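Below is one structure, written out as structure tokens, with a few remarks after it.
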Amino acid sequence: MTKAVTRNAGDGSISYSSSNTAIATVNSNGTVTGIAAGSCTITATIAATTNYNSASASYTLTVNHPTYNGYAYVDLGLSCKWAVCNVGASSETGYGNYYVGNTDNPRSVMGGNWRLPTKDQFDELVNNCTCTWTSIGGVNGMKFSRNNRYVFFPAAGSGDDPSIIGIEGRYWSIT
């Protein structure tokens with residue numbers, strides 16, 4: 001996305017900035033690149049000259065996750081893309097539904113080619129990301145970060161042991 005600014009010869013130079021470079025960056029030509037989902041402010045400032053005062057203009061940019069079959073995903077640069085939220089949840093902090101080993105559940109709920117990740121894909125996630133136990137919106141869980149992007153696994157417990165909600169989460173994989 002590019003925000004065009006026209007100016008006359010001899011006008012002051014224009015600089016660009018982003019309030020949050022983890023969400024979007026902007027180069028010296030004003031080209032904005034979305035990095036991760038979220039909002040930030042992009043500002044263009046023209047320097048003062050002998051004839052004019054400096055001036056700036058800002059706009060709020062919202063970057064959304066890409067979607068597949070209506071569900072948001074994050075691309076961490078690994079062998080697969082990860083759903084932003086658990087199956088049956090509507091946000092990254094939602095616990096979603098509890099399933100007992102049926103690998104077709106993501107497909108039956110989300111459609112398309114969604115499926116549970118394999119053990120190798122879980123291992124790849126753990127071994128190639130920064131793993132941080134944190135809280136997002138008051139929900140405890142594990143955050144897997146890579147390339148300024150992340151996927152969050154809320155500590156949703158398990159269907160057979162609700163006492164561990166907020167302490168740990170148990171997740172199925174395909175072997």
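The values are calculated or read from the model by the stated rules, or taken from the named source; none is laboratory data. The model shown is predicted, which means the values in this text are computed figures rather than measured ones. All Cβ positions, even for glycine, are placed from backbone atoms using ideal geometry, and neighbour counts span all protein chains on display. Surface accessibility is based on the protein's heavy atoms, side chains included, excluding ligands, DNA and RNA. Shrake-Rupley method; radii C 1.70, N 1.55, O 1.52, S 1.80 Å.
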Completion exercise
Here the FRET efficiency for R107 versus C80, based on Cβ atoms and R0 = 25 Å and rounded to 0.05, is 0.95
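Going from most exposed to least, what order do R149, R107 have by accessible area with a 1.4 Å probe? List each step's numbers first, then the result.
Values: R149 75, R107 100 Å².
The ranking, largest first, comes out as R107, R149.
Leaving ligands, DNA and RNA out of it, rank R146, R115 by accessible area with a 1.4 Å probe, largest first.
Details: R146 70, R115 100 Å².
The ordering from most to least exposed comes out as R115, R146.
Report the semi-axes of the equivalent ellipsoid for the chain in whole Å, largest first, where each axis is √(5λ) for an eigenvalue λ of the Cα gyration tensor. Could the numbers behind the result be given before it?
Details: eigenvalues 370, 51, 36 Å².
So the three semi-axes of the chain are 43, 16, 13 Å.
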Completion exercise
Under the Karplus relation with 6.51, -1.76 and 1.60 and θ = phi - 60°, whole-Hz ³J(HN,Hα) for the stretch 135-148, x at Gly and Pro, equal 10, 10, x, x, 10, 6, x, 9, 9, 9, 10, 6, 6, 6
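Arrange the residues D161, D120 by how much accessible surface each exposes, largest first, with a 1.4 angstrom probe. Numbers along the way, then the final one.
Details: D161 45, D120 115 Å².
The residues order as D120, D161, largest area first.
Nearest 500 deg cm²/dmol is fine: what mean residue ellipticity at 222 nm does the chain get from its DSSP H runs of n ≥ 4 alone, each adding -39,500 (n - 2.57), divided by its residue count?
Details: 2 runs with 16 residues, N = 175.
Taken over the chain, the calculation gives -2500 deg cm²/dmol.
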Fill in the blank from the handout: Under the 7 Å Cα-to-Cβ spin-label approximation, I136 and T31 lie apart by a distance in nanometres of 2.9
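Send over a whole-number figure in Å² for the accessible area per residue of the chain, probe 1.4 Å. Walk me through the numbers on the way to the answer.
On the way: 10280 Å² over 175 residues.
Ligands and nucleic acids excluded, the result is 59 Å² per residue.
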Handout entry: Cα-based equivalent ellipsoid, the stretch 50-134: semi-axes from gyration tensor eigenvalues, Å
Key = 37, 17, 12
Fill in the blank from the handout: With every protein chain in place, the accessible area of Y73 for a 1.4 Å probe, in Å² rounded to the nearest 10, comes to 40
